[in-house]
Amino acid sequence: MKSAKIPQWTGDPVQPLPMADVASRVAAGLCLVEEARSNPDIWALTSDVLNSTGLVPFAKAFPERFLNVGIAEQSMMGIAAGLATCGKIPVAATFGFLASMRACEQVRSDIAYPNLNVKIYATHAGVALGKGGTTHHALEDVAIMRTFANMTILEPADVLETQKVMAAAVAHQGPVYIRLRRGPGPVIYQGELAYQIGKANLVREGNDLTLIGCGRTVGECLLAAALLTQRGISARVLDMHTLKPIDDEAIAAAARETRMVITAEDHTIIGGLGGAVAEVMAELGLATPLRRLGVRDIYAGIGGEDELLAKHGIAGPQIAAQVMQFLE
Amino acid sequence: MTINPTRLHELEDMARRVRRHILTTVHAAGGGHVGGPLSATDMLVALYFHILNIDPTNPQWEDRDRFILSKGHSCIALYAVMAERGYFPVSELITFDGIDSRLQGHPDMARLPGLDMSTGSLGQGLSPGVGMALGARLRNKPFTTYVMLGDGECQEGQVWEAAFVAARYRLGNLVAILDLNRLQQYGWQEPGGMRPPLDDPRRQWEAFGWQVSVVDGHDITSFVEALSTARQESDRPAIVIAHTVKGKGISFMEGDYSWHARVPTDVELARALAELELREVQP
């Protein structure tokens with residue numbers, strides 16, 4: 001499980017995906033504003049990280065529905081729980097590492113246990129705040145949140161999917177952990193996007209193997225799939241935007257219809273997407289080879305977001321290179 | 001909100017009934033807390049039978065006053081009071097701590113209608129109280145949110161996160177009650193005796209911008225008056241610091257921290273119940 005040397009892609013490069021013209025956290029904040037226009041029960045709370053979470057437009061549009069609780073994440077989760085008991089839909093916004101670890105017990109006991117209608121808006125997922133270092137990385141949050149009964153976990157792959165996720169999260173009755181990023185990300189979807197909690201999106205057809213990503217790594221999987229065509233490999237790509245409840249059927253189909261399943265996540269490989277997929281495959285008795293790509297039981301170190309994705313083997317070229325290694 | 005002598009006698013009688021339930025239930029369950037519930041009993045009776053604007057037949061009524069027992073381990077006292085108030089049959093108390101009981105060792109709002117918050121992890125109850133007080137203000141609801149804290153749990157940092165922001169948002173509709181029984185499970189033994197969990201709670205809460213009053217938590221009349229005063233100020237949260245005795249009402253339990261969570265033997269139970277009977281016939 002320990003970190004091995006990540007192989008590099010030796011073939012030709014491919015055209016990168018177009019990048020969104022807006023930072024993902026800003027896009028998320030604007031999506032929340034749109035939801036709040038038609039739903040007067042939506043409230044936003046922050047532990048003083050208004051700019052960082054992209055909620056300035058919300059605070060300006062709805063000052064009477066916005067609350068800064070101060071630098072106090074634990075209390076914020078309890079306050080959100082109390083508001084939810086009064087019929088509000090509180091959206092508690094902070095960095096992913098704080099939402100999942102500083103306020104871990106409050107999320108479990110105050111929100112998940114009583115099944116209260118609180119949305120946790122967790123930004124800077126994975127190594128999105130790469131240069132902030134390990135204190136500011138959120139590489140454990142999915143594993144932690146996945147163990148809480150009643151919790152739903154959603155992670156959008158791009159701006160259009162963020163709109164869908166925000167609408168679905170608000171419409172869902174019960175706690176939701178929304179895993180968001182920081183800067184601009186690649187554009188995956190255009191035009192119409194059918195979205196349903198718990199139903200993975202097939203973003204590329206393929207017959208040889210399946211790449212499963214979530215959030216930022218969906219774009220990286222698409223890049224890897226494009227690179228793999230140079231070697232005559234047809235890779236299916238799934239966007240596992242719902243990490244809980246996970247789409248067992250899409251995983252089973254991938255394991256039955258293709259010869260290998262590879263997960264790629266900006267998260268520790270323990271307990272996140274890869275762990276969830278492994279659990280499903282093992283319990284269904286599907287012996288298709290599985291490889292989990294992600295941060296391999298180490299702290300990610302400091303660096304730019306893209307540099308860290310490459311370093312940990314979850315950028316497109318590194319995913320493709322590792323797939324070739326697995327196939328040898 | 002004053003209390004006439006007849007009413008006071010009824011409430012004191014109810015407090016004795018509740019103490020009996022606490023002792024017999026914990027004895028029957030073979031587990032549970034005793035000292036903390038007994039220190040909170042008189043205040044819980046005053047709240048549920050005289051102060052809270054509630055309707056046990058409609059526990060989800062939107063305008064009801066809210067009550068959070070942040071010191072959730074004392075829930076057997078709350079369950080006994082709720083049963084006597086009509087939220088569920090008194091006969092259900094015997095299920096306390098049993099498998100699938102609605103009366104869990106720490107309160108579960110998803111199971112038991114009438115509980116306004118699930119609690120049990122110390123230091124967490126005041127934050128949801130802040131959320132409820134904000135919810136009331138935002139919806140123009142007239143209700144008051146009450147949160148009972150233990151003095152020991154004020155050693156948790158989250159209490160002060162909530163205390164800070166409650167004052168900052170001028171939550172005059174939030175009232176905390178500090179059950180100051182001056183004992184925690186272990187504490188600090190010093191040459192002069194046991195050091196209490198908090199050295200100077202009045203100064204601490206005043207420093208956080210709260211309106212503070214201090215009463216005897218076993219004197220129902222004073223307690224009711226203090227709560228009435230606490231609600232009058234509209235732009236500051238209030239705390240009623242209630243001096244109490246852990247194990248109150250049973251001579252051999254009073255002030256003895258070993259009764260924090262000890263199950264009485266058959267003989268101890270009989271002695272304790274006899275003491276409660278004896279007090280009932282005193283003038």
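Details
- Scan of segment A:32-58 for residues that are crowded, with 17+ Cβ neighbours inside 10 Å, part of a helix (DSSP H, G or I) and out of contact with any Gly (no Cβ under 9 Å at 6 or more places or on another chain), ordered by number: A:33, A:35, A:36
- Only listed residue being without any contact (Cβ under 8 Å) to a residue 24 or more places away in the chain and in contact with a Leu (Cβ under 7 Å, 6 or more places away or on another chain), chosen from A:278, A:255, A:282: A:278
- First in segment B:90-113 and more than 14 Å from every other protein chain (Cβ to nearest Cβ), second anywhere and part of a loop (DSSP other than H, G, I, E, B) and among the aromatic types (Phe, Trp, Tyr), Cβ under 6 Å, 6 or more apart: B:103/B:96
- All of (1) in a loop (DSSP other than H, G, I, E, B); (2) over 22 Å from residue A:73 (Cβ atoms); (3) within 13 Å of chain A (Cβ to nearest Cβ); (4) in contact (Cβ under 8 Å) with a residue 40 or more places away in the chain hold for residue B:146 with one exception: (1).
- Qualifying residue in segment A:22-34 (condition: farther than 23 Å from residue A:218 by Cβ and within 11 Å of chain B (Cβ to nearest Cβ)): no
- Count of segment A:80-98 residues which are among the aromatic types (Phe, Trp, Tyr) and either part of a helix (DSSP H, G or I) or touching a Cys at 6+ places or on another chain (Cβ under 7 Å) (or both): 1
- Candidates A:80, A:93, filtered to the one that is farther than 20 Å from residue B:174 by Cβ and buried (at least 24 other Cβ atoms within 10 Å of the Cβ): A:93
- Residue in segment B:77-87 that is touching a Phe, Trp or Tyr at 6+ places or on another chain (Cβ under 7 Å), surrounded by fewer than 24 Cβ atoms within 10 Å (Cβ to Cβ), more than 10 Å from chain A (Cβ to nearest Cβ) and farther than 22 Å from residue B:210 by Cα present: yes
- Of all residues in segment A:219-240, none that is within 16 Å of residue A:266 (Cα to Cα) and assigned by TED's automatic domain parsing to the domain that holds residue A:158 has its Cβ atom under 8 Å from the Cβ atom of a residue that is part of a strand (DSSP E or B) and at pLDDT 95 or above, 6 or more apart or on another chain.
- Selection status of residue A:138, buried (at least 24 other Cβ atoms within 10 Å of the Cβ) and closer than 24 Å to residue A:31 by Cβ: yes
- Within segment B:168-283, helices (runs of 4 or more DSSP H) holding 3 or more residues that are within 21 Å of the chain's Cα centre (by Cα) and within 22 Å of residue B:36 (Cβ to Cβ): B:201-207, B:220-230
- Filtered residues of segment B:121-133 (kept if part of a helix (DSSP H, G or I) and of a type in the set (Gly, Ala, Ser)): B:127, B:129, B:131, B:133
- Subset of segment A:46-67 [out of contact with any Asp or Glu (no Cβ under 6 Å at 6 or more places or on another chain) and among the polar types (S, T, N, Q)]: A:46, A:51, A:52, A:53
- Selected residue (only one of B:170, B:195 is more than 10 Å from chain A (Cβ to nearest Cβ) and within 20 Å of residue A:70 (Cβ to Cβ)): B:170
- Checked against the criterion of being assigned to a helix (DSSP H, G or I) and either within 14 Å of chain B (Cβ to nearest Cβ) or small (Gly, Ala, Ser) (or both), the candidates A:101, A:77 yield just one match: A:77.
- Qualifying residue in segment A:180-197 (condition: within 20 Å of residue A:80 (Cα to Cα) and outside the structural domain of residue A:259 (by TED's automatic domain parsing)): yes
- Filtering segment A:87-96 to residues that are touching a helix residue (DSSP H, G or I) at 6+ places or on another chain (Cβ under 6 Å) and over 15 Å from residue B:135 (Cβ atoms) leaves A:94, A:96.
- Condition check for residue B:136: out of contact with any helix residue (DSSP H, G or I) (no Cβ under 8 Å at 6 or more places or on another chain), part of a helix (DSSP H, G or I) and facing chain A (nearest Cβ under 10 Å): yes
- For segment B:23-69, the set of residues classified as touching a Gly at 6+ places or on another chain (Cβ under 6 Å) and among the hydrophobic types (A, V, I, L, M, F, W, C) consists of B:26, B:38, B:43, B:68, listed by residue number.
- The residues of segment A:130-180 that are assigned to a loop (DSSP other than H, G, I, E, B) and more than 12 Å from the chain's Cα centre (by Cα), listed by number, are A:133, A:137, A:147, A:148, A:149, A:150, A:151, A:172, A:173, A:174, A:175.
- Output for segment A:239-274, where each listed residue is surrounded by 21 or more Cβ atoms within 10 Å (Cβ to Cβ) and assigned to a helix (DSSP H, G or I): A:250, A:251, A:254, A:255, A:273, A:274
- Selection count, segment B:117-166, where residues are surrounded by fewer than 20 Cβ atoms within 10 Å (Cβ to Cβ) and either touching a Lys or Arg at 6+ places or on another chain (Cβ under 7 Å) or over 26 Å from residue B:243 (Cβ atoms) (or both): 6
The values are calculated or read from the model by the stated rules, or taken from the named source; none is laboratory data. Keep in mind it's a predicted model, so treat the numbers as computed, not measured. Note that we place each Cβ from the backbone using ideal geometry, even for glycine, and neighbour counts take in every protein chain shown.
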